[in-house]
Amino acid sequence: MTDKETVLITGATGFLGAELLKLFLLETDADIFLLIRVKDGADSLGRLKKLLRELFSDGASVKNYLRRITVFSGDLNSKGLGLSAPEHGKLVSQVTEIFHSAAALEFNLSYDSSHAINVKGFSSLLRISLDCKKLKKFSYISTVYIAGNYVGEFREDDFHIGQAFNNYYEQTKYEGEDFFRNFEAPYEKSIFRPSIITGNYDSGWTNNFNLIYKPMKIFSSRIFEAIPADRDVDLNLIPGNVAARIIYILSRSQGPNMNIYHVTSPKNIKAGVFYDYVADYFKYENPVFIPIREFDMNSLTVFQINIIKEYLPYFNYRCRFKNEKTVNAINAVSDFCFPRIDEFYFEKLCNYCKYVGFLKVKRS
């Protein structure tokens, strides 16, 4: 490589983006550009320093890595991403690869709020990418949940399969992917579709207690005697550092103009098995799981419905994600092995939840 790598990562303060940032700092000498917005009164550089302290316990390493990172205090919601003219000039003259991980992830946002980030903000970044003189690759972090309410197997080559969407997160990620697939650009494009991203495989660490974590807290609250959920639903869990490793490996390899990968575990686990383990660990009793087709929704109060309504589609999910093409692509360039997702890993997740106080062991 003649030019020094300069990698732009959006969403680096999110869990997957943070794991990607860590990999590039540890395993390359690339310069790193980060787009970080001001949030809750914390400036962009302050948020980065806090993140690096979480990722690296060694203060000297944090100081050293800061020298390789340029922070742009921008926002996907702002015109031109909120970049100043000098920042825009630096970005378009130096960046060689982009990883777009930033997204509005919440299931309960309005369409306009989700669209502003997941489609409009993404399209703004794409337009800027056309001005990037050295850009060779653009990787977009999508989601397998663009499959929506589809029942059956969903593969890498699948996209529009007659699905409807369970929320505006799914819909706008689908729309963002659609825009990207049809966006004409001179560089290589890749789409990565993760499943349920969970804590670090080695430590359980996460900075995002959504997805499976919120249902853990709901079930432990003891405000439900029964819940409209199917114990036999498949969960596809992919630890954040494992997902980042897959994306990193495949982004390093040369592919066709458009590459689509499922960043998923080869094997699913049953929801009942996972949530029973968590309940046993924290010593509480799960509510009775009854599939929604058999459940009397009138037995729930408005308060209870409001607590679980955004999770109901996933408590009764019927789509299975296949990743054979992705596995074959990984095997062609790496000796990477998918870790087993079982009680060994569940314990790591629970240990971290207990350590940070997200859940506490119930006293009898």
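The values are calculated or read from the model by the stated rules, or taken from the named source; none is laboratory data. As the structure is a computational prediction, the values presented were derived from the model and not from experiment. All Cβ positions, glycine included, derive from the backbone under ideal geometry; neighbour counts span all protein chains shown. Heads up: the accessible areas ignore ligands, DNA and RNA and are worked out on the full protein's heavy atoms, side chains in. Shrake-Rupley method; radii C 1.70, N 1.55, O 1.52, S 1.80 Å.
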- Within region 142-151, track down each residue that is within 23 Å of residue 329 (Cβ to Cβ) and over 15 Å from the mean Cα position of the chain (by Cα). 147
- Query: Is it the case that region 214-235 has a residue that's modelled with pLDDT of 95 or more, in a helix (DSSP H, G or I), open to solvent by less than 10 Å² (accessible area, probe 1.4 Å) and among the aromatic types (Phe, Trp, Tyr)?
  - Reply: yes
- Wholly enclosed strands (runs of 3 or more DSSP E) of region 1-118 bearing at least 1 residues within 30 Å of residue 146 (Cβ to Cβ) and among the aliphatic types (A, V, I, L, M): 6-10, 31-35, 97-100
- out of contact with any strand residue (DSSP E or B) (no Cβ under 9 Å at 6 or more places or on another chain) and in contact (Cβ under 8 Å) with a residue 24 or more places away in the chain: does that describe residue 111? yes
- Would you mind stating whether residue 6 is modelled with pLDDT of 90 or more, buried (at least 17 other Cβ atoms within 10 Å of the Cβ) and touching a His at 6+ places or on another chain (Cβ under 8 Å)? no
- Taking region 165-186 and keeping residues open to solvent by 10 Å² or more (accessible area, probe 1.4 Å) and within 21 Å of the chain's Cα centre (by Cα) leaves 165, 166, 167, 168, 169, 171, 174, 175, 178, 179, 181
- Item | Cross-chain or 6+ apart pairs with Cβ under 6 Å, region 9-24 first and over 19 Å from residue 96 (Cβ atoms), then open to solvent by 10 Å² or more (accessible area, probe 1.4 Å) and modelled with pLDDT under 95 | 13/47; 15/207; 15/208; 22/55
- Message: Test of understanding: among 336, 321, 315, 303, which residue is open to solvent by 50 Å² or more (accessible area, probe 1.4 Å) and either of a type outside the set (Gly, Ala, Ser) or over 21 Å from residue 164 (Cβ atoms) (or both)?
- Response: 303
- Under the condition of being part of a loop (DSSP other than H, G, I, E, B) and of a type in the set (D, E, K, R), which residue from region 245-299 is farthest from residue 27 (Cα to Cα)? 296
- For region 142-164 the number of residues that are in a loop (DSSP other than H, G, I, E, B), open to solvent by less than 50 Å² (accessible area, probe 1.4 Å) and in contact with a Cys (Cβ under 9 Å, 6 or more places away or on another chain) is 2
- Message: If I filter region 273-300 down to residues being β-branched (Val, Ile, Thr) and open to solvent by 30 Å² or more (accessible area, probe 1.4 Å), which single residue comes out as nearest to residue 220 (Cα to Cα)?
- Response: 288
